[in-house]
Amino acid sequence: MIEVRELTKRYGSTLALDRLSFQVSPGRVTGFLGPNGAGKSTTLRVIVGLHGPTSGVALVNGRRYAEISRPLYEVGALLDAGTLHPGRTAFKHLACLARSHRIASARIMTLLEQMGLQGVAHKRVGGFSLGMRQRLGIAAALLGDPGVILLDEPVNGLDAEGIRWMRGLMRTLAAEGRTVLLSSHLMSEMALTVDHVLIIGRGRLIAESSMEDLAKRFYRDVLVRSPRHLELGGILQAAGMSVSSGPQDRLVVTGADTATIGDLAAERRIPIHELTQRSATLEDIYLEMTDEAADHRTADHRGGGRKGLGSA
């Protein structure tokens, strides 16, 4: 488990984190979201001891990172795949880390194979693509088989197949009872990967919720398709619902859930071919929640459009 309590971090006159508090529980994939400058990367760096907090505390399994005697066995982190030594081979990079914790060489080869890097195990990292560096960084994070995993922008540089592989890996790790925290600006991918979200802005927690609860909170409408859609529309309107025409004989209904609509249709013996409850996308929710907390805006937003998505 990861616990962040009243975490504050200042860099001179800049307040990066402002009494930030949250918990990341095992057994689920948690997404860490926020605009540029929100404090995501700073938080991750404080958790793994790269930055010291001004006040407050960040704990991993009840201890500060610096108090963990063999950290690779408890915490795996990938914060920047670009920091790998370009002159080392993939195998040597992992071997240097493994030696510090007396991890067997067999574990290295197992991970390289799992990451799809067995064919380049003895090639220098300087010639790797960004996607290959990401895979090697994840291998390093998993080297000690840790129970807590933190990854900052883990799908950067991965192709479609690699992103799907990453999604499956994260879900597998969480299903094994591990604590998984992912920071990313790719809303569409996070919507497919995470079970729980933490949204921050200006160093403060804006929202914490399961994906299921977010969908309910930002419920939008119900899409209904029926060969007797005109008749059904009149019945739903008479019941107090708002009904408008959708594409291909569909109705867009607000003011009721799918069960209520289905029951009314069944009472009148009106066939239903589609009944879909729709919610706002994670991107829409994110943009709405962070509207007041974004430090960096695109030119379109300054003229009235939406914010760009960042990863800082």
query: Which shape class, rounded, prolate or oblate, goes with the range 219-279 when its Cα gyration tensor gives a ≥ b ≥ c as root eigenvalues, a/c under 1.5 marks rounded, and past that a/b bigger than b/c marks prolate?
result: rounded
- prompt: Can you list the HN-Hα couplings for the range 3-10, worked out from phi with the Karplus curve (6.51, -1.76, 1.60; θ = phi - 60°), rounded to whole Hz and with x for Gly and Pro?
  reply: 10, 10, 10, 6, 6, 10, 9, 10
field: Phi-based couplings in Hz for the range 85-100 (Karplus 6.51, -1.76, 1.60; Gly and Pro marked x)
entry: 5, x, x, 8, 7, 4, 5, 5, 4, 5, 5, 4, 5, 5, 4, 5
query: For the chain, what is the percent of antiparallel DSSP beta bridges, rounded to the nearest 5?
result: 65
- prompt: Given H placed on each backbone N at 1.01 Å, which residues far from ASP221 in sequence or on other chains put an amide H within less than 5 Å of it?
  reply: ARG278
- prompt: Once phi is turned into ³J(HN,Hα) by the Karplus curve 6.51 cos²θ - 1.76 cosθ + 1.60 with θ = phi - 60°, what whole-Hz value does each residue of the range 111-127 show in order, with x for glycine and proline?
  reply: 5, 4, 5, 4, 7, x, 10, 4, x, 10, 4, 10, 9, 5, 5, x, x
Under-5 Å amide H pairs with LEU198, H placed in peptide plane, nonlocal only: GLY31, PHE32, LEU33
task: Show the residues, 5+ positions off or on another chain, whose built amide H is closer than 5 Å to the amide H of THR179.
output: GLY27, VAL148, ILE149
query: Pairs of lysine in the chain with Cα under 29 Å and at least 8 positions apart or on different chains: total?
result: 6
query: What 222 nm value per residue comes from the helices of the chain, counting each DSSP H run with n ≥ 4 as -39,500 (n - 2.57) and dividing by all residues, nearest 500 deg cm²/dmol?
result: -9500 deg cm²/dmol
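Since every read-out is calculated from the coordinates, none of them should be taken as a lab result. Since the model is a prediction, treat every value here as computed from it, not as a measurement.
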